[in-house]
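I have placed the structure first, in the form of structure tokens, so that the comments after it can refer back to it.
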Amino acid sequence: MSQSVSSPSKRLASLDAFRGFTIIGMIIVNTPGSWTYVFPPLRHAEWNGLTPTDLVFPFFLFIVGVSIVLAYSKRLKVNTSKGELVKKIIIRTLLIFAFGLMLNLIGSQFSHFRIPGVLQRIAIVFFFCSLLFLYTTWQTQLITGTLALAIYYFLMMLVPVPGHGMGVLLPGENLAAYIDSIAIPFYLYQGTWDPEGILSTLPAIGTGITGMMAGHIVLSGKNIEKRVINLFVLGFFMTILGEMWGWIFPINKNIWTSSYVLYTSGLASMTLGVLMWIIDVEGFVNWARPGIIFGTNAITAYVLSYILLIPFTWFTISHGLNLQALYMEKMIAIGFLPELASMIWAILFTALCFLPVWWLYKKRIFLKL
């Protein structure tokens, strides 16, 4: 990890808040007290469609795109060489990818070695979007993102899948799943395919590019009120286009459909606009402080959530139960609704993750993988 001590006051507070609340959402949905008892909004959609949980990951990739534009624009303005930036981009990409592999091992308690994953996809999106920003104009970036979504659509709909035919989008029977099954070694999350697989990373890069478009709006010379309006306009049209595309290419996180990209990026753009208005225009900051604190060390918080879970889940302490399972047993025994007990565990665990991140924030330490 590298360490930066830049003042958080110089950062875009609304973007940090957006990133932080997204990480809070990630931790909450990833750490229920029991996977058997989870409120429906805190589960992913089984296949087509959306739940609030299905917004978390694309929101983060959207934020990655925004952050690339803001961060590297500043560095280019102070005449940092592109070659130097590329070296740092490669190192950061490899670090994020390596930490993703480590978290996969921790999450499976070393019983499976899985190559794809959340941080791995973030690393790949960060890498391609960063290079795209450094060496192309915003117009080329827009064209590239459009082509990525269009090419993915045509590949998924027109390329026949052996044994299943053309245009099949069922679980494990589509082109993305087929490529995963023949190209990715070791363990796959869904047995024969992976939600963070190879082909679906193409539209995920498209998600990052939509964030870059929003980043260009944020950095435009217009006053902040007009920038907020433009974020809403961009978001509104992406959401509508995503909904309409979903009529023929269903909105689906599992295979990261092009309609899913536009729909979720549209919502993300409007969310960023709301936060900019409330925090940066109206100055209502205090309510968002937890998000801002999480947001300044977002990936660090995500990594910590895996590490801090170890003592609660790896070790048996009573009657064959670990501490997490024992908590659920006791809460249900005293009359708590199981789903509520499970959610309370997730919230308390997220609060635990907040403590070290808060300490880093107070010390003005911002860790970047």
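The values are calculated or read from the model by the stated rules, or taken from the named source; none is laboratory data. Small disclaimer: the values here were computed from a predicted structure and weren't measured. Virtual Cβ from ideal backbone geometry, glycine too; neighbours counted across all protein chains shown. Remember, those area values only see protein heavy atoms, side chains included, never the ligands or the DNA or RNA. Shrake-Rupley method; radii C 1.70, N 1.55, O 1.52, S 1.80 Å.
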Q) In the range 347-359, what residues are surrounded by 19 or more Cβ atoms within 10 Å (Cβ to Cβ) and more than 16 Å from Arg19 (Cα to Cα)? A) Phe349
Q: Could you tell me which numbered condition Met238 fails, if it satisfies all but one of (1) out of contact with any Leu (no Cβ under 7 Å at 6 or more places or on another chain); (2) at pLDDT 95 or above; (3) farther than 23 Å from Gln120 by Cα?
A: (1)
Q: Please enumerate the residues belonging to the range 152-166 that are surrounded by 10 or more Cβ atoms within 10 Å (Cβ to Cβ) and either among the hydrophobic types (A, V, I, L, M, F, W, C) or farther than 18 Å from Ser258 by Cβ (or both).
A: Phe154, Leu155, Met156, Met157, Leu158, Val159, Pro160, Val161, His164, Met166
Q) in contact with a Gly (Cβ under 7 Å, 6 or more places away or on another chain) and surrounded by fewer than 21 Cβ atoms within 10 Å (Cβ to Cβ): does that describe Tyr306? A) yes
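Conditions (1) open to solvent by less than 20 Å² (accessible area, probe 1.4 Å); (2) assigned to a loop (DSSP other than H, G, I, E, B); (3) of a type in the set (Asp, Glu); (4) in contact (Cβ under 8 Å) with a residue 24 or more places away in the chain, marked per residue:
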{"position": "Thr192", "(1), (2), (3), (4)": "no, yes, no, no"}
{"position": "Leu202", "(1), (2), (3), (4)": "no, no, no, yes"}
{"position": "Lys222", "(1), (2), (3), (4)": "no, yes, no, no"}
{"position": "Arg227", "(1), (2), (3), (4)": "no, no, no, yes"}
{"position": "Phe237", "(1), (2), (3), (4)": "no, no, no, yes"}
{"position": "Trp247", "(1), (2), (3), (4)": "no, yes, no, no"}
{"position": "Lys253", "(1), (2), (3), (4)": "no, yes, no, yes"}
Q | Qualifying positions in the range 282-303 - open to solvent by 40 Å² or more (accessible area, probe 1.4 Å) and either part of a helix (DSSP H, G or I) or acidic (Asp, Glu) (or both) | A | Glu282, Asn286, Trp287, Arg289, Pro290
Q: Being outside any loop (DSSP other than H, G, I, E, B) and open to solvent by less than 10 Å² (accessible area, probe 1.4 Å) narrows it down to one of Leu275, Leu241, Leu231, so name that one.
A: Leu231
Q) What number of residues in the range 121-145 are of a type in the set (A, V, I, L, M) and open to solvent by less than 50 Å² (accessible area, probe 1.4 Å)? A) 6
Q.
Suppose we filter Leu76, Leu103, Leu85 for residues that are in contact with a helix residue (DSSP H, G or I) (Cβ under 9 Å, 6 or more places away or on another chain) and open to solvent by 30 Å² or more (accessible area, probe 1.4 Å); which single one remains?
A. Leu76
